[in-house]
Each structure stands twice: as C-alpha cells, then as structure tokens.
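Participant: One structure is given below, represented as structure tokens, and several questions about it will come after.
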Amino acid sequence: MSAALRNPGLRLRDVGVTPGAVLALVLLTVASQLAFLAFLLVMKHISDGVMDTRNGATAIAFAGLYALIVVMCAGYGHLRSAILGAIAERLGITLQVEALQAAVRNAVRTDTAQGTAVLREISRVQSFFANRSVLLFLELIGAVVAIAIMFCLDTGLGLFGLGGAAAVGGLGLLVHRVADPAARAGARALSDSAVELSSQLSHPDLVRGLGLVPATLARWQHRYGAALALDEAARDRAKAVQAIEHLLHDLIQMAVFVYVCLLLFEQAATAGMLVSVYFLSGNALQPFSHLTQSWENWSGGVAAWRRLRRVMRQEAAPEPLPRDPAAPAGLLLDGVAFHPPRREAPIVGGVALHLAPGAVCTVQGPNGVGKSTLMRLVLGLLPPTDGRVLLDGQDTLRCDRESLGARIGYLPQDVQLLDDDVFGNIGRGPGAAPEAVVAAARAAGAHEMIGRLPLGYQTPAGHTSGLSAGQRRLVGLARALYGDPALLVLDEPEVGLDGSARTEMRAAVERTRARGGVVLVVTHEPLTWSDVADIRLTLGPKGAWEAQSLRPGAAMQETGLAAH
Ligand SMILES: Nc1ncnc2c1ncn2[C@@H]1O[C@H](COP(=O)(O)OP(=O)(O)OP(=O)(O)O)[C@@H](O)[C@H]1O
C-alpha cells in the first residue's frame with residue numbers, strides 16, 4: 001500500500017520527554033548527589049570537630065543541617081518521581097488512542113489478534129519511565145564520583161571501591177542469569193493457566209452443557225499446580241541469591257570499614273573519614289547491585305519503544321484523498337484485489353464493478369472464498385493490495401473515517417453490540433436524535449420488538465445483556481440503517497431471523513434502494529434475495545469472480561461482466 005502516512009514517526013518529545021524534562025532530571029540528580037556529599041561533610045565535621053570540642057550548640061546546628069539535607073534529598077527524590085510519573089502518564093494518554101487505532105488496523109490487516117500486543121508495549125514503556133531504572137546512567141555517574149572521591153582519599157580505598165563495584169555488578173549478572181529464566185518460566189506458566197481457564201469460561205453453556213466442568217477443572221488444577229510450583233521455586237531461588245548479594249555488599253562495606261580503621265590506627269585517617277567512607281562506599285556499590293536488572297529494564301523499554309514506533313509508522317492512518325471528480329456516483333470497485341503475503345493465490349482478484357445509486361447486489365460463493373474480506377475492502381477497513389473503492393468518488397480507505405462512517409451502514413456476520421443501551425447502539429453513541437433512532441428501528445422492523453423489552457430503548461445491549469441472537473441482529477440492522485446511509489453492507493443478514501423479520505429486512509433493503517442507496521448483501525441464500533437483487537457477484541477460489549446483471553438496465557460497469 002502506497003498511501004501517504006499521517007504519522008511519519010513518533011518522537012520522545014511528543015510524549016513529554018522534552019529537553020526541559022531531561023534537564024530537570026539531570027539537575028535534580030546532580031543536586032541530590034551534591035546534597036549527599038554535603039551530608040558526608042557534615043558527618044565528618046560532627047565526628048572530627050564537634051566530638052573534640054564537645055560544643056553542644058555546634059552539634060545541634062550540625063544536626064539541624066543534617067535534617068535539612070535529609071529533607072532536601074527526599075524532596076529531590078519526590079520531584080524526580082513526579083516528573084517520571086508525569087512522563088509515563090502523558091505517554092499513556094498520548095499513545096493510547098493512536099496506538100489503539102494502529103492496533104485495530106494491524107488486527108484487520110493481518111487477520112490476527114497480534115495488534116493487541118501494541119497496547120502491551122505501551123504499558124511496558126510506561127512502566128519503564130515510572131521505574132527508577134530510567135535513572136540508571138545518572139546514578140552510575142554518582143557511583144563513579146563516589147569511587148573517585150575514595151581514590152582521592154586513599155588509593156587502596158579507591159581500589160576497594162572499584163573492586164567492590166565490579167564484584168557486586170558481576171554477582172548481579174550471575175544472579176540474573178540463574179534466577180531470571182526460572183522466574184520468567186514461572187510467570188508464563190501462571191499466565192497460560194489463567195488464559196486457558198478464562199477461554200473455557202467464555203463458553204459456559206458449551207462447557208456445562210456437554211458436562212465438561214469436572215474435566216476442565218481437573219485439567220486447570222493440574223496446570224495451575226505445576227505453574228505455582230515453578231513460580232515458587234523461582235521465587236525461592238531469587239530470594240537465596242538476593243541474600244548472597246546482600247551479604248557480599250555488607251562484606252565489602254565491612255572490609256572498607258576495617259581498612260579505614262587500620263588507616264586510623266596509623267593516624268592516616270580520622271574518625272570523621274571512617275564514618276563518611278562507610279556511607280560513600282554504600283553509594284558506590286548500590287547502583288552496581290541493580291545494574292543487570294536496570295540494564296534489562298532499559299533494553300526492554302527501548303525495544304518496546306522501537307516496536308511501538310514501527311507499528312505506529314506501519315499502521316498510520318492513510319492520508320485522506322479528495323473526491324475523484326471523474327468517478328461515477330454510487331459504488332465503484334476499481335480493480336480491487338487482496339493478496340496477503342505468504343498466500344499462494346489472491347483472496348480477492350481485481351474485482352471491477354460499478355453499482356449505481358439504487359443498485360442492490362448480492363455476493364455469493366462457497367465458505368471461506370473471501371466474501372467478508374471483500375466487504376471489509378469495500379468499507380475501507382482493509383487496505384487492498386491493488387485497486388481502490390470509491391463511494392460517490394470518495395476513496396473509502398483514504399478518507400475521513402468519521403464522515404464516511406456516517407454514510408455507511410454495516411451489519412457484520414457476527415453482530416457485535418457495544419456496552420450501551422439499545423438506543424445508544426442504534427444511534428451509534430450518545431446524542432442521537434430520538435426520531436432518527438426510532439425511524440431506523442422501524443425501518444429494520446425492530447421497533448415492536450424493542451417495545452416489548454423490559455426497558456424498551458433503554459435496555460442494556462452489551463454482550464451480557466441477554467438479548468437473543470435474533471434480537472441482537474435486529475438491533476444491529478437498525479444501527480446499520482440509522483441515518484439513511486448511502487451504502488448498506490449486510491453480511492449474511494438473514495441468519496437467525498424468522499419469516500416476518502426476513503420480510504422486514506427485505507423491505508428495508510427495498511426502501512434503501514428506492515431512496516438511491518447502494519446495497520451489498522452477502523448471502524448463502526440467493527433465492528431469498530432473487531426478486532430484490534439487481535446484480536449478482538459470485539466469488540470463486542483463488543480470487544475468481546463473476547458479475548451478472550439480473551434485471552435489464554441494472555447499473556453495472558461493462559468490464560465487471562468479465563469472469564476472471
Ligand atoms: N487480513 C487477512 N489476512 C490474511 N488472510 C485473511 C485476511 N482476512 C481474511 N483472510 C482469509 O481469507 C479467507 C476468506 O475469509 P472470508 O471470511 O472472507 O470468507 P467468506 O467467504 O466470508 O466465508 P464464510 O462464507 O464462511 O463466511 C479466509 O481463509 C481468511 O483466513
């Protein structure tokens with residue numbers, strides 16, 4: 001597809017990672033490091049000067065200074081978290097709508113549910129920003145400064161700091177190598193067992209009706225038990241290695257302490273230095289003990305961000321095209337083809353057909369031949385691999401979706417009603433004019449049925465509403481007819497409807513034709529529509545198609561008559 005893209009690329013700046021925010025984070029980290037160094041100086045002065053002079057007022061003043069520095073450090077930390085939290089929130093808000101649309105386009109284009117992975121990527125990037133790992137590099141700078149100060153104080157001390165950081169970092173890497181695969185396997189097994197159970201529970205009638213409950217539960221309990229054991233073993237292993245990590249950390253700090261004690265005995269150090277170096281070594285080691293985990297979060301966050309950018313670039317909304325003034329009125333299928341990658345033959349093979357205003361066309365063919373796919377191409381939900389579809393000259397793919405949506409009525413094969421009441425479903429959202437909703441319901445033959453519902457038009461219609469399949473179909477048809485659409489697409493509309501509902505539906509199609517709308521009906525029952533239809537489009541395997549005029553003078557493009 002060569003459509004120009006509306007979204008050429010997602011930049012970090014668009015989601016709140018502005019130079020100002022980055023500068024604020026750097027300054028806050030530098031400020032908290034300086035506050036930490038000030039804290040060390042205070043500790044040194046209390047230990048060296050005040051202890052010797054035993055001046056109570058100075059001790060109280062230093063204690064006040066100490067409290068101030070602690071409060072400042074907490075304040076800096078809080079501000080940093082607030083900035084990161086705001087970035088994460090803005091990222092979610094900015095991306096959610098566009099990413100959801102990209103996910104839907106991806107799901108329609110690839111015919112898979114992989115599009116939803118986009119939403120997972122967003123929360124992965126969000127949690128990366130909300131997490132301290134994002135500050136890894138800034139904290140490492142703090143640790144390097146701490147080691148440099150240790151070197152300045154004493155070369156041996158510096159070597160202790162450097163060696164300790166390497167040892168803690170190395171152990172962290174080892175811990176990660178040992179504990180991480182097990183933790184992942186445990187988490188995956190738990191999530192798989194939950195997915196399995198919920199997929200079984202989404203067909204409760206089938207599971208209960210066929211007496212599958214005990215077998216389902218036994219299977220799930222077995223899987224869940226195994227997953228739980230795996231998860232617990234991984235946790236135990238992680239706890240054990242974490243304890244070793246803490247021990248090493250404490251041992252290194254203790255070794256530093258003993259080393260400075262020895263310097264103290266040789267009068268090469270002071271008591272103040274002893275206290276300060278203890279804290280300094282903690283600061284030097286701390287980022288290294290989380291290094292592997294933080295690095296993992298970094299690479300995971302960056303990879304998720306890259307995948308997100310790729311999908312959003314690939315699935316960007318096509319740039320709307322202006323109306324083609326040369327195109328005839330009605331619906332024009334201009335050599336529409338769909339040949340997905342990795343399929344030997346096309347599913348839709350270059351259909352060329354013009355349906356003038358007021359034409360009714362039935363679409364038929366064996367199961368799985370591509371009828372619904374053709375309807376999705378017509379509605380602009382699926383980008384064709386070749387050709388285009390124009391409704392009154394407007395490309396149905398490269399268009400403003402909202403204004404085109406208002407000109408289209410679509411009853412899919414599997415009617416989905418939204419989690420709203422009957423009124424909101426027919427009126428396609430809140431704020432619809434009541435007369436237009438009732439007119440659409442009457443046109444669909446659904447008004448009487450809705451009147452018999454306990455809450456009438458206010459009856460909830462979502463998937464837990466308890467409406468019967470036929471009732472849902474009638475509400476779906478009323479939604480399709482709402483606003484007198486210029487194009488009405490009905491995908492196997494007769495399924496599940498009784499005789500009188502079918503008669504109403506045919507009448508609705510005839511009324512649409514009479515007011516100049518184009519109607520496409522996918523059907524396995526051509527006889528039901530034979531006296532209403534003007535044109536018959538028959539699809540065959542490997543993209544073959546044939547269009548046939550059923551009435552003399554029915555509007556159809558000549559080239560559309562050729563069988564491929
Ligand atoms: N986006 C897509 N990518 C790849 N293959 C697709 C895509 N959409 C549909 N298909 C495949 O095209 C084939 C035709 O499916 P379609 O639902 O259009 O058939 P149909 O004629 O409507 O069938 P039925 O009469 O059973 O409803 C199926 O094998 C389907 O998996």
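Participant: Per residue and in cubic angstrom, what volume does the convex hull of the Cα atoms of the stretch 407-481 have? Can you show the working numbers first?
Facilitator: Values: hull volume 6.0 nm³, N = 75.
That works out to 80 Å³ per residue.
Participant: Okay, moving on. Multiply the residue gap between Arg515 and Tyr278 by 0.36 nm, knock off their C-alpha separation, and tell me the result in nm, one decimal place.
Facilitator: Details: separation 237, 0.36 × 237 = 85.32 nm, distance 8.67 nm.
Length difference between fully extended and current span is 76.7 nm.
Participant: Also: I need the Debye-formula profile for the stretch 232-279: one equal scatterer per C-alpha, no solvent, reported as log10 I(q)/I(0) at q = 0.17, 0.26 1/Å, two decimals.
Facilitator: Log10 of I(q)/I(0), two decimals: -0.56, -0.86.
Participant: Among Cys152, Cys261, what is the fewest-to-most ranking by other Cβ atoms within 10 Å? Don't jump to the answer; show the numbers that get you there.
Facilitator: Values: Cys152 10, Cys261 13.
Ordered by Cβ neighbours within 10 Å, fewest first: Cys152, Cys261.
Participant: How large is the helix-only mean residue ellipticity at 222 nm for the chain, computed as the sum of -39500 (n - 2.57) over DSSP H runs with n ≥ 4, divided by its residue count, in deg cm²/dmol to the nearest 500?
Facilitator: Values: 17 runs with 330 residues, N = 564.
When only DSSP H runs of four or more count, the value is -20000 deg cm²/dmol.
Participant: Which of the helices in the chain meet the span-like rule: DSSP H, Cα axial reach of 24 Å or more, Kyte-Doolittle mean at least 0.0? Spell out each step's value before the answer.
Facilitator: Details: long enough: 19-45 (39 Å, 1.84); 56-110 (76 Å, 0.98); 136-153 (26 Å, 2.70); 155-201 (66 Å, 0.68); 213-265 (76 Å, 0.53); 271-289 (28 Å, 0.94); 291-314 (34 Å, -0.87).
Those that clear 24 Å and a mean of 0.0 are 19-45, 56-110, 136-153, 155-201, 213-265, 271-289.
Participant: Once both labels are modelled 7 Å past Cα along the beta-carbon direction, what's the Leu527-Ala31 spacing in nm?
Facilitator: Rounded to a tenth, the inter-label distance reads 8.2 nm.
Participant: Just to check, using Stokes-Einstein with a Kirkwood Rh over alpha carbon pairs, what's the diffusion coefficient of the stretch 396-530 at 37 °C and 0.692 mPa s in µm²/s?
Facilitator: On the way: Rh = 14.8 Å.
Roughly 221 µm²/s, to the nearest whole number.
Participant: Please report, in Å, the Rg and the Dmax of the stretch 257-356, where both are computed over Cα atoms only.
Facilitator: Spelled out, the Cα radius of gyration and Dmax of the stretch 257-356 are 34.4, 102 Å.
Participant: Let me check I have the definition right: for the stretch 150-297, take the eigenvalues of the Cα gyration tensor, multiply each by 5, take square roots. What are those semi-axes in whole Å, largest first? Intermediate results must be reported in sequence, preceding the final value.
Facilitator: Values: eigenvalues 582, 28, 21 Å².
Computed over the stretch 150-297, the values are 54, 12, 10 Å.
Participant: On to the next question. Below 23 Å, Cα to Cα, which lysines can Lys542 reach? Residues fewer than 8 away in the same chain don't count.
Facilitator: List returned: Lys371.
Participant: Continuing with the same structure: Rounded to whole Å and ordered largest first, report the semi-axes of the equivalent ellipsoid of the chain derived from its Cα gyration tensor (root of 5λ).
Facilitator: 69, 26, 23
Participant: Rg/Rh for the stretch 331-561: what does it come to with C-alpha atoms and Rh from Kirkwood?
Facilitator: On the way: Rg = 17.4 Å, Rh = 17.9 Å.
In the stretch 331-561, Rg relative to Rh is 0.97.
Participant: To the nearest 0.05, what FRET efficiency results for Val302 and Leu251 with a Förster distance of 30 Å applied to their C-beta separation?
Facilitator: Details: r = 34 Å, r/R0 = 1.14.
Calculated value: 0.30.
Participant: Further question on the same structure: Projecting each Cα onto the charge dipole of the stretch 331-561 (Lys/Arg +1, Asp/Glu -1 at the beta carbon, about the Cα centre), which of Val475, Pro493, Gly445 comes out farthest on the positive side?
Facilitator: Sorting the options by dipole projection puts first Pro493.
Participant: Applying a 10 Å radius around every beta-carbon, put 180-189, 336-345 in order of their mean neighbour count, most first.
Facilitator: Working: 180-189: 15.3, 336-345: 12.9.
Descending mean neighbour count gives 180-189, 336-345.
Participant: Related question: Give, in whole angstrom and from largest to smallest, the semi-axes √(5λ) of the equivalent ellipsoid of the stretch 327-422, with λ running over the eigenvalues of the Cα gyration tensor.
Facilitator: Details: eigenvalues 92, 71, 39 Å².
In descending order, the three semi-axes are 22, 19, 14 Å.
Participant: Tally the DSSP beta bridges in the stretch 245-402 and give the antiparallel ones as a percent, rounded to 5.
Facilitator: Values: 12 of 12 bridges.
So the antiparallel bridges amount to about 100 percent of the total.
Participant: Using a Förster distance of 22 Å, how high is the FRET efficiency between Arg309 and Val22, based on the Cβ-Cβ distance and rounded to 0.05? Write down the numbers at each step before the final one.
Facilitator: On the way: r = 19 Å, r/R0 = 0.85.
In this case the efficiency is close to 0.75.
Participant: Count the DSSP beta bridges whose two residues both fall in the chain, then state the antiparallel fraction as a percent rounded to the nearest 5. If you can, show how the numbers build up before the last one.
Facilitator: Values: 20 of 37 bridges.
Of the beta bridges lying entirely in the chain, close to 55 percent run antiparallel.
Participant: Turning to a different aspect of this structure: Please compute the modelled spin-label separation between Leu174 and Phe137, points set 7 Å along Cα→Cβ, answer in nm with one decimal.
Facilitator: In this crude label model, Phe137 to Leu174 measures out at 3.0 nm.
Participant: Run the dipole for the chain about the Cα centre, Lys and Arg Cβ at +1, Asp and Glu Cβ at -1, nothing else charged, and hand back the magnitude in debye, nearest 20. Let's see the in-between values first.
Facilitator: On the way: 49 positive and 48 negative charges, 62 e Å.
Using only the charged Cβ atoms, the result is roughly 300 debye.
Participant: Can you compute log10 of I(q)/I(0) for the stretch 334-378 with the Debye formula, treating each Cα as one identical point scatterer, at q = 0.23, 0.24, 0.25 Å⁻¹?
Facilitator: -0.91, -0.97, -1.03
Participant: Taking 0.36 nm per residue of separation and subtracting the Cα-Cα distance, what length does fully extending Ser500 through Phe151 add? Walk me through the numbers on the way to the answer.
Facilitator: Numbers: separation 349, 0.36 × 349 = 125.64 nm, distance 9.18 nm.
Value of the extension gain: 116.5 nm.
Participant: Starting from the 7 Å offset along Cα-to-Cβ, what nm value, one decimal, do you get for the label separation of Val195 and Ala271?
Facilitator: 6.3 nm
Participant: Okay, moving on. I want the antiparallel fraction of DSSP beta bridges within the stretch 331-561, as a percent rounded to 5. Working shown, then result.
Facilitator: On the way: 19 of 36 bridges.
In the stretch 331-561, DSSP labels about 55 percent of beta bridges as antiparallel.
Only the coordinates and a few stated rules stand behind these numbers; no lab work does. Bear in mind that the values here come from a model prediction, so they are computed numbers and not experimental data. Cβ coordinates were reconstructed from backbone atoms using ideal geometry, including for glycine residues, and neighbour counts include every protein chain displayed.
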